[in-house]
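Engineer: Have a look at this one before I ask anything.
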Amino acid sequence: MRLEGPSEAIREVFPAEYAELAVLVTDLGGTTFLMVLLAVLFWLSRRRETALVASYAVAGLGLLMVLKALFDLPRPPEELFLASMDDDPYGFPSGHAFAAVVVYGGLLVAFERLREPLAVAGVGSLVVLVSLSRVVLGYHYLGDVIVGAAVGIAFLAAMFRTVSEPRIGFAVGLVLALPAIAATGAAEETLLGLGAAIGGLVGTWRLDSAPPLRSRAEGALLAVAGLAFLTAMTAMESWIAVTAPATVATYAVTIAGIFLLPVLLARVGIERPVIRGGSRPG
């Protein structure tokens with residue numbers, strides 16, 4: 001089921017000296033990169049659609065952790081690892097393959113690009129590369145990433161058919177996070193899912209009240225402020241998130257902050273319309 005033989009063949013084809021390249025590719029399906037990507041898209045692009053995809057990703061995290069705990073299949077032996085990784089014992093199905101499908105595929109559908117062959121080919125290639133990088137690095141067998149991607153496709157299709165509001169998606173994430181925590185013993189990823197679901201529910205409560213961007217300067221200011229916020233929260237995480245409740249709270253504040261930042265900046269008068277000539281409306 002896990003295709004150990006083909007996995008070994010893939011690892012033999014890829015030279016070990018290019019492990020750093022594989023790490024860069026695998027990070028494209030990691031939690032940190034995907035969070036930053038969705039945050040920037042939310043600040044600068046179609047906010048409701050991006051928030052909807054973010055809610056799918058959070059809900060999917062809960063489902064994935066439940067599946068991992070139910071199957072309880074280990075990763076390949078550590079001697080196969082080409083780089084160090086976080087202490088996550090679950091090897092099946094692949095979370096990176098699942099997340100790549102849900103986020104990149106979700107953006108493809110939400111942004112109405114599904115009928116554009118180049119966009120579909122680009123997303124498909126990205127999912128394949130992220131998935132194969134997990135095999136190359138020795139973190140998963142080929143079967144793990146195939147099942148992870150397949151589950152991601154099924155989950156994404158089900159969510160798009162049934163959930164059209166970001167707050168509902170985050171509510172689903174909250175429901176799924178509870179059995180995930182019970183099944184995994186409060187693993188960090190499940191605490192992330194719970195905190196993100198709470199933060200998403202709070203942050204999208206007044207999603208439509210966020211003012212639209214009026215200029216590129218506003219977009220640049222919002223992106224700089226947002227990335228500074230994420231950097232600060234990441235730096236604080238190591239000494240704030242020392243207990244499970246603190247970890248959940250940290251993630252909740254981070255996700256809520258992403259969604260509330262445009263509203264907060266507008267309220268304090270930082271996000272202003274910029275018109276030709278640099279003047280402001282009276």
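Engineer: Among Thr247, Ala210, Leu227, whose Cα lies farthest out toward the positive end of the dipole of the range 204-273, if unit charges sit on the beta carbon of Lys, Arg (+1) and Asp, Glu (-1)?
Structural biologist: About the Cα centre, the residue reaching furthest to the positive side is Ala210.
Engineer: Given that compact globular proteins tend to follow 2.2 N^0.38 Å, what is the ratio of the alpha-carbon Rg of the range 9-143 to that value?
Structural biologist: Expressed relative to 2.2 N^0.38 Å, the Cα Rg reads 1.09.
Engineer: First select every other residue whose beta carbon is under 15 angstrom from the beta carbon of Gly195; then total the charges, Lys and Arg +1, Asp and Glu -1.
Structural biologist: So the environment of Gly195 carries a net charge of -3.
Engineer: Can you sort Asp27, Asp88, Asp72, Asp208 by 1.4 Å-probe accessible area, starting with the largest?
Structural biologist: Per-residue accessible area, sorted high to low, gives Asp208, Asp72, Asp27, Asp88.
Engineer: Calculate, for the range 35-97, the solvent-accessible area per residue in square angstrom, rolling a 1.4 angstrom probe over the heavy atoms of the protein chains.
Structural biologist: Spelled out: the 1.4 Å probe surface of the range 35-97, per residue, equals 42 Å².
Engineer: Please state the relative contact order of the chain as a whole percent: Cα pairs under 8 Å, 6+ residues apart? Spell out each step's value before the answer.
Structural biologist: Working: 407 pairs, mean separation 66.0, N = 282.
Once divided by the residue count of the chain, the mean separation gives 23 percent.
Engineer: Just going by the charge dipole of the range 82-167, with Lys and Arg at +1 and Asp and Glu at -1 on Cβ, which of Leu107, Ser131, Ala149 is farthest out on the positive end?
Structural biologist: Leu107
Engineer: Convert 37 °C to kelvin, take the viscosity as 0.692 mPa s, use the Kirkwood radius over C-alpha pairs of the range 57-131 as Rh, and evaluate the Stokes-Einstein diffusion coefficient in µm²/s, rounded to a whole number.
Structural biologist: Answer, rounded: 235 µm²/s.
Engineer: Given 10 °C and 1.306 mPa s, compute D for the chain with the Stokes-Einstein relation, Rh being the Kirkwood radius over Cα pairs; round to the nearest whole µm²/s. Before the final figure, lay out the partial values.
Structural biologist: Details: Rh = 19.7 Å.
Approximately 81 µm²/s, per Stokes-Einstein.
Engineer: For the range 45-99, what is one quarter of the convex hull surface built on the Cα atoms, given in nm²?
Structural biologist: So the mean shadow area of the Cα hull is 4.9 nm².
Engineer: When the C-alpha atoms of the range 19-75 are aligned to their principal axes, what extent does each axis show, in angstrom, from largest down?
Structural biologist: Extents along the principal axes: 40, 30, 11 Å.
Engineer: Tell me the volume per residue, in Å³, of the convex hull enclosing the alpha carbons of the range 114-160.
Structural biologist: Hull volume over Cα atoms, normalised by residue count, gives 66 Å³.
Engineer: Over the heavy atoms of Thr50, what accessible area does a 1.4 Å probe trace out, to the nearest 10 Å²?
Structural biologist: 0
Engineer: Starting from the Kirkwood Rh over alpha-carbon pairs, what translational D in µm² s⁻¹ does the range 124-250 have by Stokes-Einstein at 10 °C and 1.306 mPa s?
Structural biologist: Estimated diffusion coefficient is 90 µm²/s.
Engineer: Mean separation of Cα pairs under 8 Å and 6+ residues apart, divided by the residue count of the range 152-268: what relative contact order is that in percent?
Structural biologist: Across the range 152-268, relative contact order equals 33 percent.
Engineer: Let me cross-check Leu34: its accessible surface, 1.4 Å probe, with only protein heavy atoms counted, in Å² to the nearest 10?
Structural biologist: Here the accessible area works out near 10 Å².
The values are calculated or read from the model by the stated rules, or taken from the named source; none is laboratory data. It should be emphasised that the depicted structure is a prediction, and the values quoted were computed from it without experimental measurement. Neighbour counts are summed over all protein chains in view; Cβ atoms, including those assigned to glycine, are modelled from backbone coordinates with ideal geometry. When the accessible area is computed, the model is the full protein with side chains, heavy atoms only, and any ligands, DNA or RNA have been set aside. Shrake-Rupley method; radii C 1.70, N 1.55, O 1.52, S 1.80 Å.
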